[in-house]
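The values are calculated or read from the model by the stated rules, or taken from the named source; none is laboratory data. All of these numbers come straight from a predicted model, not from anything done at the bench. Don't worry about glycine lacking a Cβ; one is built from the backbone with ideal geometry, like all the others, and counts go over all protein chains shown. These accessible areas exclude ligands, DNA and RNA; they are computed on the full protein's heavy atoms, side chains included. Shrake-Rupley method; radii C 1.70, N 1.55, O 1.52, S 1.80 Å.
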Amino acid sequence: MKKKFNDNVVTEKVMNKFMYAIVITVLLLQSCASKKDILYFQNNDIHGAISIQNAVASIEPNDILSITVGTKIPEAAMAYNIQSLGNNNIANAETVRLEGYLVSPQSTITFPVLGTISVLQKTTSELESDLKEKLETEGHLVDPIVRVRILNSKVTILGEVNKPGTYSFSEQTLTIPQALGYAGDLTINGQRKDILLIRESKGIRTIKHIDLTSVNWMNDSSFNIRQNDVLIINPNSTKVKTSGYIGNASTILTIVSLALSSIILLTR
């Protein structure tokens with residue numbers, strides 16, 4: 001009887017130590033997210049009223065441009081416009097892109113009548129001004145109206161967002177928060193403090209790290225999306241921990257419960 005009592009005491013001590021180890025393990029593995037990890041622009045009280053400098057992106061090689069020229073006499077400008085395929089009044093977006101001006105690797109386009117035009121490091125507004133001046137000074141047209149648009153502006157958003165993919169946009173300026181809105185915002189598992197922005201410009205690729213929980217980066221050039229930008233939203237630590245074989249804390253507790261039940265049955 002005494003031996004059985006001692007055995008029970010030993011078993012109880014072993015189980016207590018085992019339970020203590022389990023609790024510590026679960027606490028270490030279970031990561032609870034705080035508001036500091038989730039909320040956007042938390043230090044907004046220091047931002048104040050700041051004038052916005054919208055930096056318009058320059059035209060890049062492989063961009064597709066829509067360029068239309070108009071005058072008071074429409075027939076006079078016909079030679080300076082690409083004629084629509086089949087003269088259809090309704091054209092889909094893909095047809096419009098096919099009819100656009102493809103910027104060469106040397107940052108040039110071939111324009112009707114005017115020939116080869118350099119668009120190197122020019123914005124759409126600057127190209128409009130240059131074409132208008134060229135048409136007037138060389139005696140082609142009187143008081144022409146020139147409109148330039150980039151047809152294939154797009155941003156790719158991957159990772160922990162609700163709708164990852166590649167999104168086209170026609171705005172001259174698009175911010176990162178607006179782009180993330182296209183993708184349905186970050187999931188609760190998205191790492192908000194380290195968004196990766198991959199950008200190629202003038203033959204140089206850069207990678208920037210952005211903290212969406214802060215407002216400090218809002219006046220940086222990275223605030224506005226440029227054509228062909230890529231945003232990568234990595235999973236947070238909680239998501240990473242739950243992606244292994246064991247899984248989350250509830251799975252661990254289930255395994256522990258089974259182990260405890262087995263020990264109790266074996267030590268009775």
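Here residue 119 meets each of (1) modelled with pLDDT of 95 or more; (2) over 20 Å from residue 229 (Cβ atoms) with one exception, condition (2). Of all residues in the range 153-188, those satisfying the criterion of being open to solvent by less than 70 Å² (accessible area, probe 1.4 Å), aliphatic (A, V, I, L, M) and part of a strand (DSSP E or B) are 155, 157, 161, 174, 186.
Here is the figure for the range 189-216: residues that are open to solvent by 70 Å² or more (accessible area, probe 1.4 Å), at pLDDT below 90 and of a type in the set (A, V, I, L, M) total 1. Summed over the range 217-235, residues that are open to solvent by 30 Å² or more (accessible area, probe 1.4 Å), in contact (Cβ under 8 Å) with a residue 60 or more places away in the chain and not hydroxyl-bearing (Ser, Thr, Tyr) total 8.
Per-residue answers, yes or no, for (1) assigned to a loop (DSSP other than H, G, I, E, B); (2) open to solvent by less than 80 Å² (accessible area, probe 1.4 Å); (3) of a type in the set (A, V, I, L, M); (4) at pLDDT below 70:
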{"position": "60", "(1), (2), (3), (4)": "yes, yes, no, no"}
{"position": "72", "(1), (2), (3), (4)": "yes, no, no, no"}
{"position": "77", "(1), (2), (3), (4)": "no, yes, yes, no"}
{"position": "83", "(1), (2), (3), (4)": "yes, no, no, yes"}
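Counting the residues of the range 117-152 that are open to solvent by 30 Å² or more (accessible area, probe 1.4 Å), part of a loop (DSSP other than H, G, I, E, B) and closer than 20 Å to residue 64 by Cα gives 4.
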